[in-house]
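The values are calculated or read from the model by the stated rules, or taken from the named source; none is laboratory data. Owing to the predicted nature of the structure, the values given are computational and were not obtained by experimental measurement. With ideal geometry, Cβ positions are generated from the backbone for all residues, glycine too; neighbour counts draw on all protein chains shown. With ligands, DNA and RNA removed, areas are computed over all heavy atoms of the protein, side chains included. Shrake-Rupley method; radii C 1.70, N 1.55, O 1.52, S 1.80 Å.
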Amino acid sequence: MAGVRISNLTQRFDRREVFHGLNFAFDGSCLAITGPNGSGKSTLLRILAGLLVPTAGEARLLIDGDEIERNQARALIGLAAPDVQLYAELSVKENIAFLLRARGLSDIPSRVNAALERVDLSERGGDAVAELSSGLQQRAAIAAAIAHEPSVLLLDEPSSNLDESGIRMLHGIVEWQRARGLAVIATNDPDEAALAAGCLDLGAAR
Amino acid sequence: MILRGAAAVLAKDARCEVRSKQAITAVLLFAVTSTIAVSFTLGAIGSDTAVAAALLWVVIYFSAMAGLGRSFAHEEETHTAGLLRLAVPAESVYIGKLAFNFLTLVAVEIVAVPMFVLLTGCHIGRAGVFIGLLGLGSLALSAGATTAAAMVSRAAGKGALFAGVSFPLLAPALAVAIAGTSAALGPPPHASAASDVRLLVYYCGVVIVASLMLFRYVWEE
């Protein structure tokens with residue numbers, strides 16, 4: 001069983017406290033994190049991804065009942081977020097291939113193609129990221145996050161910049177991820193939140 | 001796994017650099033203009049090996065400062081650092097960035113050093129020792145600069161801070177490289193150059209090993 005455990009989590013930036021003593025437990029395959037702007041959705045995703053060490057407390061991801069350790073995070077977690085960008089000088093394919101190679105994975109061309117097909121970006125895979133529209137860049141970011149087939153997929157405002165077909169693609173990705181492990185979506189979109197089995201409302205938690 | 005990750009970072013940085021030409025342009029431009037400025041001001045230095053060695057390393061040092069400090073700052077400014085942290089072990093990032101910085105400096109020296117020798121008219125007494133010192137000195141500068149660049153990458157006022165943090169770290173290597181190069185440029189015997197080569201090897205070993213052990217704490221949080 002996959003899940004999320006948050007215990008006594010506090011995050012402070014200088015004098016601003018994003019959350020204080022937050023506790024939450026979730027077991028399931030898809031969690032939505034909601035709340036108004038500035039409530040700490042992106043911050044919580046960064047903590048869950050291991051990119052930010054909290055001021056106090058802890059937030060852990062569970063797969064098959066076991067907590068994901070820091071040294072496992074690279075292999076088991078994928079993150080698509082506005083503050084995690086791809087290399088603008090490289091093509092989408094080169095970006096994804098670099099991330100797979102850096103993770104020590106093999107069979108790179110087929111993994112790259114599979115990820116691009118999953119986000120309907122195969123035709124533009126050879127284009128430099130800088131040349132893509134913001135919607136296509138968002139698809140590329142999602143492809144990069146899923147290419148290593150992570151057990152946990154963290155998505156921060158994933159439908160921003162996406163058109164209707166992009167949103168359908170995104171819903172398909174979330175369903176695919178639910179079958180494989182855990183998806184955590186930080187969103188203010190009620191349709192996206194409805195995909196989840198549970199919800200952490202950071203606005204209510206404050 | 002660590003070396004595969006490092007090779008991936010090196011290949012990625014090289015590919016980005018070939019397309020953007022940011023670091024190589026900054027370093028090469030500084031190296032060429034400062035070499036020309038030195039030769040115009042002082043003319044032929046000829047047999048004054050101490051002055052020639054000091055000026056050569058001043059050119060290389062400031063060229064390194066002009067370009068190598070950007071290696072991590074650019075990742076933070078373009079919001080790609082998170083991608084690296086998510087996918088690549090910290091040690092691989094350090095080794096990959098160090099290798100890229102070293103190769104950048106070597107590429108610049110391939111242009112700038114012959115130009116310096118030609119314009120200042122200095123005589124190289126023993127080419128093998130001279131090239132060895134250039135290689136080791138460049139590795140020492142790259143190792144220290146890579147560590148300093150990572151330390152300041154998330155700070156405000158990175159440029160001034162990078163120069164301030166890296167100078168105390170690089171000053172011993174710079175002093176040894178200048179002394180060794182002075183000996184290598186002069187007539188035989190080259191006994192003091194051999195001891196300088198040894199000192200640079202020790203310096204590179206200590207800085208690289210210490211950086212590998214500490215880099216995780218600088219890079220990840």
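How would B:E75, A:E117 rank on accessible area, largest to smallest, probe 1.4 Å? Kindly include the intermediate steps, with their values, before the conclusion.
Working: B:E75 5, A:E117 120 Å².
Highest to lowest solvent-accessible surface, that is A:E117, B:E75.
When the Kirkwood radius is taken over all Cα pairs of the protein assembly as shown, what Stokes-Einstein diffusion coefficient follows at 37 °C and 0.692 mPa s, in µm²/s? Numbers along the way, then the final one.
Details: Rh = 23.6 Å.
D = 139 µm²/s.
So if we plug the beta-carbon distance of B:A7 and A:D27 into 1/(1 + (r/R0)^6) with R0 = 35 Å, what FRET efficiency do we get, rounded to 0.05?
Values: r = 40 Å, r/R0 = 1.15.
It comes to 0.30.
Which residue fluctuates most in the GNM of chain A (Cα springs below 10 Å): A:A147, A:A56, A:A32?
A:A56
Expressed as an acute angle from 0 to 90° and rounded to the nearest 10, what is the orientation of the C-alpha long axis of helix B:22-42 relative to the principal long axis of chain B?
20 degrees
Percent antiparallel among DSSP beta bridges with both residues in segment A:2-205, to the nearest 5?
Antiparallel bridges: around 50 percent, rounded to the nearest 5.
Pull up all non-local amide H partners of A:A183: gap of 5 or more, or a different chain, and H-to-H distance under 5 Å with H placed in the peptide plane.
A:C30, A:L31, A:L153
Just to verify a number: what accessible area does A:S110 come out at with the full protein assembly present, 1.4 Å probe, Å² rounded to tens?
A:S110 exposes around 60 Å² with every protein chain in place.
Report the accessible area of A:D127, computed with a 1.4 Å probe over the heavy atoms of all protein chains in place, in Å² rounded to the nearest 10.
40 Å²
In what order, largest first, do B:K12, B:K21 sit by accessible area if the probe radius is 1.4 Å?
Values: B:K12 5, B:K21 110 Å².
In descending accessible area the options line up as B:K21, B:K12.
Specify the angular offset, from 0 to 90 degrees and rounded to the nearest 10, of the alpha carbon long axis of helix B:2-20 from the longest principal axis of the alpha carbons in chain B.
70 degrees
Taking the Cα centre of chain B as origin, work out the dipole magnitude from +1 charges on Lys and Arg Cβ and -1 charges on Asp and Glu Cβ, in debye rounded to 20. Write out the running numbers ahead of the final one.
Values: 13 positive and 11 negative charges, 62 e Å.
Approximately 300 debye in magnitude.
How big is the accessible area of A:L61 in square angstrom, nearest 10, if you roll a 1.4 angstrom probe over the protein chains?
10 Å²
Given a Förster distance of 41 angstrom, what is the FRET efficiency for B:A210 paired with B:S47, based on the Cβ-Cβ distance and rounded to 0.05? Intermediate results must be reported in sequence, preceding the final value.
On the way: r = 39 Å, r/R0 = 0.95.
That gives a FRET efficiency of 0.60.
Using alpha carbons only, how many degrees (0 to 90, rounded to 10) separate the axis of helix B:127-152 from the longest principal axis of chain B?
For helix B:127-152, the angle is close to 30 degrees.
Determine the order of A:E69, B:E91, A:E131 by accessible area, beginning with the largest, at a probe radius of 1.4 Å. It would help to have the intermediate numbers written out before the result.
Working: A:E69 90, B:E91 40, A:E131 125 Å².
Largest accessible area first, the list is A:E131, A:E69, B:E91.
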